[in-house]
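Reading through the structure tokens given below for one structure.
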Amino acid sequence: MTDLLPFVAELPLVDHHCHGVVTRDVGRADFEAMLTEADTISPLGTSLFDSLIGLAGRERCAPVLGLPRHAPVEDYLARRAELGADEVARRFLRATGTTDFLLDGGFLPESLTTTAEFARLAGTRAHDVVRLEQVAEAVIRGTTARGFAAAFGDELEKRAAAAVGLKSIAAYRVGLGLAGERPSPAEVEAAAGRWLSSGGGRLADEVLHRHLVFTGLDLGLPVQFHVGYGDSDVDLHRCDPLLLTGLLRATRDRGVPILLLHNYPFHRQAAYLAQVFEHVFVDAGLITHNAGFRAPAVLAELLEIAPFGKVLFSTDAFGLAELYHLGTALFRQGLSDFVRAALDADAMSEVDAVRLCALVGHENAQRIYRWEHV
Amino acid sequence: MTDLLPFVAELPLVDHHCHGVVTRDVGRADFEAMLTEADTISPLGTSLFDSLIGLAGRERCAPVLGLPRHAPVEDYLARRAELGADEVARRFLRATGTTDFLLDGGFLPESLTTTAEFARLAGTRAHDVVRLEQVAEAVIRGTTARGFAAAFGDELEKRAAAAVGLKSIAAYRVGLGLAGERPSPAEVEAAAGRWLSSGGGRLADEVLHRHLVFTGLDLGLPVQFHVGYGDSDVDLHRCDPLLLTGLLRATRDRGVPILLLHNYPFHRQAAYLAQVFEHVFVDAGLITHNAGFRAPAVLAELLEIAPFGKVLFSTDAFGLAELYHLGTALFRQGLSDFVRAALDADAMSEVDAVRLCALVGHENAQRIYRWEHV
Amino acid sequence: MTDLLPFVAELPLVDHHCHGVVTRDVGRADFEAMLTEADTISPLGTSLFDSLIGLAGRERCAPVLGLPRHAPVEDYLARRAELGADEVARRFLRATGTTDFLLDGGFLPESLTTTAEFARLAGTRAHDVVRLEQVAEAVIRGTTARGFAAAFGDELEKRAAAAVGLKSIAAYRVGLGLAGERPSPAEVEAAAGRWLSSGGGRLADEVLHRHLVFTGLDLGLPVQFHVGYGDSDVDLHRCDPLLLTGLLRATRDRGVPILLLHNYPFHRQAAYLAQVFEHVFVDAGLITHNAGFRAPAVLAELLEIAPFGKVLFSTDAFGLAELYHLGTALFRQGLSDFVRAALDADAMSEVDAVRLCALVGHENAQRIYRWEHV
């Protein structure tokens, strides 16, 4: 890789979207299954280590565990087991240079660190982001169709009090084709009734996902949306951020930020939304570590038309401590390569370069999430 | 930036799609609002100057006003005010090396130069492109449902007599999912009736936009389509040029060119259409200046499968004189970088390089628009 | 171009999807029409040689015929005619370094070499891939609505006995929006009835295309899908591989490979499917030669998230002997450039580089198609 520009190497980062780290020791199959968005290792393919993220792990993570770059997988996993889950987590999280982690604790919480445990391992601050659907699923069976909206609103307000943001996973359940208007109370009641009749399990109802988002916006907290790239549970063609256009148009005057997460391979579409809508922000989490040494190419595409004041950093790391480090290191690489190309072309002054990197690295997140008020 | 190849630096250009320049002096807020496709400056974001186009402006426009590259925004705007709108326009338009500007005068004409004023400022030729929807909206209230088709046809023929091309903004009103057949007179009459009943305001009816296009093609004049990237008024997911496939198939035998404008982020899709349909041509206007130093990367993607005989140059500049200069300078940069990469790889001979740049820079436009006949 | 890495230059290749070569001598118009996906030369454009593939042909094919690089088109065609179709085919096919060609003989078979003739010209092995729709169209008129499923099953089993894979061209007929479940016998019978009533011509029925695929999967043979880029007969917006998500989810547990061919400009979407679904494999055929010296840029995008164990090589060459050579040479260029960039960045060790190139070049295809069992 090209050397990092010094002001990018030392840039304090806010990771505005990630998850907890697994507390158990993980074996090869477990590790490999958590490495990418594949659910399992394919008997038809070869190892998932045979991928850019696998190569990036051996290149950039091995030295953090005291091994040479490109160490073989077996050596790597043996060394990892020797150090133990806690020490591994500590090393990788502290190698990131991240000052604040924003954790979505809504997926498989039982196998991951809590926010407090995470902060302790990382030796820095960690903040909570509340998953809207998790709150709705927690209240639905204790309420009625008519009572759902109030019950959800109350519970969300309670949980949000200690949180810095909210998150919608509508993309995973119904896609992003959410209508451009707030559902009426009658619509919400009818939808809650349908949900209850079907057993009140996993939420997947366009009206209710939309209702959750509007209720969240009422609280004035930034709302994150899963967009684009994810595991096989997602219908990716329903996760183009442009499908949110109507909802974005309907919410642009509220002064509440909406954050489009991941976005790949629709990151140029997301960047467009960040340019034209006042309240839209974007990142390139998840793809940054998955694309390995190609991460800079993807980040450069995101930055074509997204204003620097609208781009944030996140890893979307989940479970494996390596992913926080990889996501961060590859983001720094991408940002540095981008800025270096601009500087080499004399398309940017160094004063501007330093300022714009600070925006993307941490200032935008600090301005939006305001954790000092929590 | 890399130096321009001499034959690209001196290439005469035809800007086959742009708009007038504002006649008033503009202040900071005004300038910033016209810089990108954002409607307003976001209180949640930072300045829109913090973007690749903002940086490109300070880099490449400042010297045209006698300031150093990367001059601060304040200095730039002060100098601009000092020179006055007319002198600023004159400098930037004349710095382009454009021999012919094709102006769509259909949007906000009251605040922009006329074609004649534009030509005077630029010191060169300017030609008219007639916006189909503007003509329809001008005649609808003076006619009946039954009379609309004839009234529109007559008025269009009159206005088209002095024009070199026509333009459809169906993308902005109903998207590009236009059906693949000419609407029948009865369908047009019914649609005109609906339009009249609803007050005859802004046209937004799939049947009528389609009728306008077919009527335009009857005149034998090239028809431009807004495609892809635009402001927040557009539903970008309805502006993929592939949605025009049926209409392109239905019109391919007429021998009348159809020009897909802008296209980002669907420029590869547009290039595909330009390869497989005899009458389809493409450009990368608007994104060229918005993407700043990334413009060459976007242009290279457009040129992957679009034949050189089917690619045109445009800026889509609107209002700010800087945009004509930026769009032109960044197009030259992109074309030069592309050709230089091919020459360095010995993938193109220099003889071919010179010839192909002439096609894209002006020959294709001259062959298609034929203004000597106007 | 950059020099090829030695282990890529000498990499044995399996071309897992191509077609026969034309047996007749071809004149200029014929040659030009077969060069790209355009149906004809446009009187509005210029020569189709004015394209990256045209330039690549003059650059890389001329020397194979004993001419200097970038020889003019006239010289090239004259030399081609002088050598004759057979000698030209022999030279280009043997220049590829391909050990095994997998031929889809289902399109215009009367004008192309048979598989045996192809193997003789190429001096190596060639294997058959059976086009599902061709089999269905061969049996429909000799059967009844009720008898169709059995007649198709019997005929497919017979033809598949000597084949290494199957292919669906649903993309060309109804798009890739195939439902995610096997159609019932009653649905198949009803659809076959509709087809017979309409004359039993060209198959274009979502239920039947889907039935063909499931019947093919029952045989345990890999099933290829045309995806993305093709000629003007395709509705490209219906050929996004993500539209197959439901069908892929429904077939992932069968252990039978599904191969997404071509994919451009949806190659990142295809790569996503290859990462998350156990049985999905991808290539970048057709675009590799069409994009000329830009082929490496496209291939790099495909390799961002597709695991190396899931990427195959194909040319999708059809008719012109030049296309096998170009597709192969440009694939080698792309793979070499990609690996070289990774090696230069120390993002990959050389041991890994050699191993991963072997996977993509031939090992994945050998593991999937298992022609030693035919």
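Which of the three applies to the range A:1-142, rounded, prolate or oblate, going by the alpha-carbon gyration tensor with a ≥ b ≥ c and a/c under 1.5 meaning rounded? Oblate, because a/c is 1.5 or more while a/b does not exceed b/c. Using a Gaussian network model on chain C with a 10 Å cutoff between Cα atoms, which of C:PRO43, C:PRO68, C:PRO183 fluctuates the most? Top of the fluctuation ranking is C:PRO43. The modelled label-to-label distance between B:GLU206 and B:VAL351, using points 7 Å beyond Cα along the C-beta direction, is 5.1 nm.
A DSSP coil position with no more than 14 other Cβ atoms inside 10 Å describes the following GluC sites (Glu not before Pro) in the range C:179-228: C:GLU181. Return the calculated 222 nm mean residue ellipticity for chain B, to the nearest 500 deg cm²/dmol, obtained by summing -39500 (n - 2.57) across DSSP H runs with n ≥ 4 and dividing by the residue count. Mean residue ellipticity, 222 nm, calculated: -12500 deg cm²/dmol. In the range C:206-235, burial by the other protein chains removes 10 Å² or more of accessible area from C:TYR229, C:GLY230, C:SER232, C:VAL234, C:ASP235, compared with the chain on its own (1.4 Å probe, ligands and nucleic acids ignored).
Shape index of the range A:314-374: Rg/Rh, with Rg the Cα radius of gyration and Rh the Kirkwood radius from the inverse mean 1/r over Cα pairs, equals 1.08. Contact residues in the range C:43-70 (at least 20 Å² less accessible area with all protein chains than alone, 1.4 Å probe): C:LEU44, C:GLY45, C:THR46, C:LEU48, C:ASP50, C:SER51, C:LEU52, C:LEU55, C:ARG58, C:GLU59, C:ARG69, C:HIS70. In this assembly of identical copies, the label point of A:PRO63 (Cα plus 7 Å along Cα-to-Cβ) is separated from its counterparts by 3.8, 3.8 nm, sorted shortest first.
Would the range B:253-374 count as rounded, prolate or oblate if I go by the C-alpha gyration tensor, calling it rounded below 1.5 in a/c and otherwise prolate when a/b exceeds b/c, oblate otherwise? The shape class here is rounded.
Of all DSSP bridge pairs formed entirely within the range A:1-145, close to 10 percent run antiparallel. Note on C:GLU74/C:ALA162: beta-carbon distance plugged into 1/(1 + (r/R0)^6) with R0 of 30 Å gives a FRET efficiency of 0.10.
Applying a DSSP loop filter and a limit of 15 other Cβ atoms within 10 Å to the trypsin sites (Lys or Arg not before Pro) in the range C:182-226 leaves C:ARG202. Taken over the protein assembly as shown, lysine pairs spaced eight or more positions apart, or on distinct chains, with alpha carbons under 25 Å apart number 6. Position A:ARG249: other-copy label points at 2.9, 2.9 nm, ordered by increasing distance, label point 7 Å along Cα→C-beta. Quick check: at a probe of 1.4 Å, how many percent of the accessible area of the range C:1-109 sits on carbon and sulfur atoms? Answer for the range C:1-109 is 58 percent, counting heavy atoms of protein chains only.
Applying both filters, DSSP loop and at most 13 other Cβ atoms within 10 Å, to the trypsin sites (Lys or Arg not before Pro) of the range A:62-134 gives A:ARG69. Contact order, relative form, for the range B:208-270: 44 percent (alpha carbon pairs under 8 Å, 6 or more residues apart, mean separation divided by residue count). Shown for the range C:259-293: residues covered by the partner protein chains by 30 Å² or more of accessible area relative to the chain by itself (probe radius 1.4 Å), namely C:TYR264, C:PRO265, C:ARG268, C:GLN269, C:TYR272, C:GLN275, C:VAL276, C:GLU278, C:PHE293. Which of C:PHE107, C:ALA81, C:VAL8 sits closest to the plus end of the dipole of the range C:8-125, meaning its Cα is farthest towards the positive end, when Lys and Arg get +1 and Asp and Glu get -1 on the C-beta? Towards the positive end, the residue furthest out is C:VAL8.
Working note: Cα gyration tensor of the range A:207-315, eigenvalues times five, square-rooted, sorted largest first, giving semi-axes of 23, 16, 12 Å. The A and C chains share an interface that buries close to 3200 Å² of accessible area, total over both sides, probe 1.4 Å. Measuring nothing but how far apart in sequence close Cα pairs (under 8 Å, 6+ apart) lie, relative to its length, the range C:127-215 scores a relative contact order of 41 percent. Based on every Cα atom in the protein assembly as shown, Rg and the maximum pairwise Cα distance Dmax equal 29.3, 85 Å. Between rounded, prolate and oblate, where does the range C:48-92 land on the alpha carbon gyration tensor, with a ≥ b ≥ c its root eigenvalues, rounded for a/c under 1.5, else prolate if a/b exceeds b/c? Since a/c reaches 1.5 and a/b is larger than b/c, the shape of the range C:48-92 is classed as prolate. Placing unit charges on the Cβ atoms only, positive for Lys and Arg and negative for Asp and Glu, gives the protein assembly as shown a dipole magnitude near 780 debye about its Cα centre. In the context of the full set of protein chains, residues of chain A present 32 Å² of accessible surface per residue (probe radius 1.4 Å, heavy atoms only). Inter-chain neighbour count for C:33-41: the average number of beta-carbon atoms from partner chains within 10 Å of each residue's beta-carbon is 3. Convex hull volume of the C-alpha atoms in chain A, normalised per residue: 134 Å³. Be a star and scan the range A:303-334 for residues whose amide nitrogen sits under 15 Å from the point 7 Å along the Cα-to-Cβ vector of A:GLN366. Residues A:313 qualify, since their backbone N sits under 15 Å from the label point.
The dipole here belongs to the range A:168-207: it is taken about the Cα centre, uses +1 on the Cβ of Lys and Arg and -1 on the Cβ of Asp and Glu, and is about 180 debye. DSSP finds beta bridges in the protein assembly as shown, and of those with both partners inside it, around 5 percent are antiparallel.
When +1 charges are put on Lys and Arg Cβ atoms and -1 charges on Asp and Glu Cβ atoms, the dipole computed for chain C relative to its Cα centre reaches about 460 debye.
With a 1.4 Å probe and all protein chains left in place, how much of the accessible area of the range A:190-325 comes from carbon and sulfur atoms, in whole percent? Heavy-atom surface of the range A:190-325 belonging to carbon and sulfur, 1.4 Å probe: 50 percent.
Taking every DSSP bridge with both residues inside chain A, close to 5 percent are antiparallel.
The values are calculated or read from the model by the stated rules, or taken from the named source; none is laboratory data. All values derive from a computational prediction rather than experimental measurement. Glycine also receives a Cβ, built like all others from the backbone with ideal geometry; neighbour counts cover every protein chain displayed. Quick note on the areas: whole protein, heavy atoms, side chains included, nothing else; ligands and nucleic acids left out. Shrake-Rupley method; radii C 1.70, N 1.55, O 1.52, S 1.80 Å.
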